[in-house]
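Asks: The structure that follows is given in the form of structure tokens.
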Amino acid sequence: MHAYASSYLHSVKVFSLGLLAITIVILLSPPPAFADTDEEIAISVATLLRSARAVISDKQKHINTAEIGDKGVTADLVISTAKKNYLNKTGTDIDTIDRSTLHGQLVDAELLAIKEVMDEAQTTINEEGVGLKGFLPAVFARLVTQRFKTSAGGKATIKLTAPKDYVRNRANRPDKWEQNIIQEMFRSPDHPTGQHFSETADVKGKAAFRLILPEYYGESCLGCHGDPKGERDITGGKKEGGKLGELGGAISVVIFH
Ligand code: HEC
């Protein structure tokens with residue numbers, strides 16, 4: 001009886017110690033990594049594109065200064081500043097996103113696309129004696145999204161597009177799905193400003209998650225996209241007659257399933 005009680009007590013002790021150990025392990029281990037949703041991933045890659053494009057916008061005057069040769073607008077500068085912009089916007093340090101997840105892989109693919117575009121643009125950007133170089137934020141965005149198609153290995157695509165009647169570059173034309181959302185939803189006066197739309201939809205016969213975010217004309221855009229409609233802007237393109245705050249474009253993300 002006595003022996004039984006003591007061995008019973010012993011096993012209770014061992015059991016409690018075991019529980020304690022398990023509890024400590026649970027408390028010390030990092031929270032389980034829940035996979036990000038397609039929506040979170042799509043918004044993240046679009047935010048990274050905006051964060052990088054903002055660097056080109058901020059440096060536009062500098063890039064177009066004829067008297068300066070080496071501008072210092074390198075891939076490293078664009079990527080490090082884009083990461084800061086992303087952190088300010090989202091509160092997340094992009095380097096902490098788990099690279100073994102789809103989210104991490106797409107972020108890396110996008111950073112690689114940015115690096116390649118910036119490396120290739122150095123000769124254009126650093127040319128002395130030339131003012132306007134045509135390396136615009138929208139051109140940068142298009143080049144990055146074209147590169148991303150390859151670097152993302154067909155798992156996802158990003159596109160900067162615009163309403164059909166506003167598109168400058170034919171490569172940026174909206175597809176039917178994009179044009180429909182832009183026209184029927186984003187251009188509707190009661191659509192809440194900035195609100196994105198997403199749904200599961202087939203893209204070229206493949207099942208995919210699609211998300212589209214509206215973009216609006218700010219003051220700085222109107223020199224090229226504003227009034228008077230049809231007049232040539234400094235790039236030689238025709239102005240759209242866009243108004244301040246009007247829907248001017250959209251970022252469209254596809255994640256294939
Ligand atoms: C210096 C003139 C200029 C300014 C300023 C400018 N854009 Fe553009 N924008 C262009 C040109 C040129 C293109 C075509 C780029 C290309 O070849 O992909 C373009 C393309 C775009 C596109 C892609 C769809 C398309 O039409 O091909 C969007 C969206 C866009 N601009 C929005 C904006 C917004 C928003 C701003 C202000 C934040 C802005 N642009 C400022 C000249 C300008």
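Asks: Filter segment 236-257 down to the residues that are open to solvent by less than 40 Å² (accessible area, probe 1.4 Å), in contact with a Gly (Cβ under 9 Å, 6 or more places away or on another chain) and closer than 20 Å to THR47 by Cα and list them by number.
Replies: The answer is GLY248, and nothing else.
Asks: Here is a further query. If I filter segment 151-165 for residues that are small (Gly, Ala, Ser) and without any contact (Cβ under 8 Å) to a residue 40 or more places away in the chain, do I get at least one hit?
Replies: no
Asks: Filter segment 79-97 down to the residues that are of a type in the set (A, V, I, L, M) and either open to solvent by 50 Å² or more (accessible area, probe 1.4 Å) or under 10 Å from VAL55 (Cα atoms) (or both) and list them by number.
Replies: Correct list: ILE79, ALA82, LEU87.
Asks: Hey, can you tell me all the residues within segment 165-177 that are touching a helix residue (DSSP H, G or I) at 6+ places or on another chain (Cβ under 9 Å) and under 14 Å from GLY248 (Cα atoms)?
Replies: TYR166, ARG168, ASN169, ASN172, ARG173, PRO174
Asks: Please enumerate the residues belonging to segment 139-149 that are open to solvent by 30 Å² or more (accessible area, probe 1.4 Å) and either polar (S, T, N, Q) or within 23 Å of CYS224 (Cα to Cα) (or both).
Replies: VAL139, ARG142, LEU143, GLN146
Asks: Name the residue that is nearest to the ligand (Cβ to nearest atom), counting only residues in segment 113-138 that are in a helix (DSSP H, G or I) and surrounded by fewer than 18 Cβ atoms within 10 Å (Cβ to Cβ).
Replies: Here the residue is THR124.
Asks: Sticking with this one: Hey, can you tell me all the residues within segment 203-239 that are within 30 Å of ALA156 (Cα to Cα) and within 13 Å of the ligand (Cβ to nearest atom)?
Replies: Matches in segment 203-239: ILE212, LEU213, PRO214, GLU215, TYR216, TYR217, GLY218, CYS221, HIS225.
Asks: If you don't mind, there's one more thing I want to ask. Look through SER57, SER44, SER51, SER7 and report the one residue that is over 30 Å from THR123 (Cβ atoms) and at pLDDT 70 or above.
Replies: Residue meeting the stated conditions: SER44.
Asks: Where in segment 150-227 are there strands (runs of 3 or more DSSP E), lying wholly inside it, with at least 1 residues that are polar (S, T, N, Q), crowded, with 16+ Cβ neighbours inside 10 Å and not assigned by TED's automatic domain parsing to the domain that holds ALA46?
Replies: 156-161, 197-203
Asks: Is it the case that LYS84 is basic (Lys, Arg) and either farther than 23 Å from GLY154 by Cβ or in contact (Cβ under 8 Å) with a residue 60 or more places away in the chain (or both)?
Replies: Considered against the rule, which asks whether it is basic (Lys, Arg) and either farther than 23 Å from GLY154 by Cβ or in contact (Cβ under 8 Å) with a residue 60 or more places away in the chain (or both), LYS84 comes out as yes.
The values are calculated or read from the model by the stated rules, or taken from the named source; none is laboratory data. Just so we're clear, the structure is a prediction, and the values are computed from it rather than from any experiment. Here the Cβ is made from the backbone with ideal geometry for all residues, glycine too, and neighbour counts use every protein chain on show. Ligands, DNA and RNA are stripped out before the accessible areas are found, and what is left, the full protein with its side chains, is counted by its heavy atoms. Shrake-Rupley method; radii C 1.70, N 1.55, O 1.52, S 1.80 Å.
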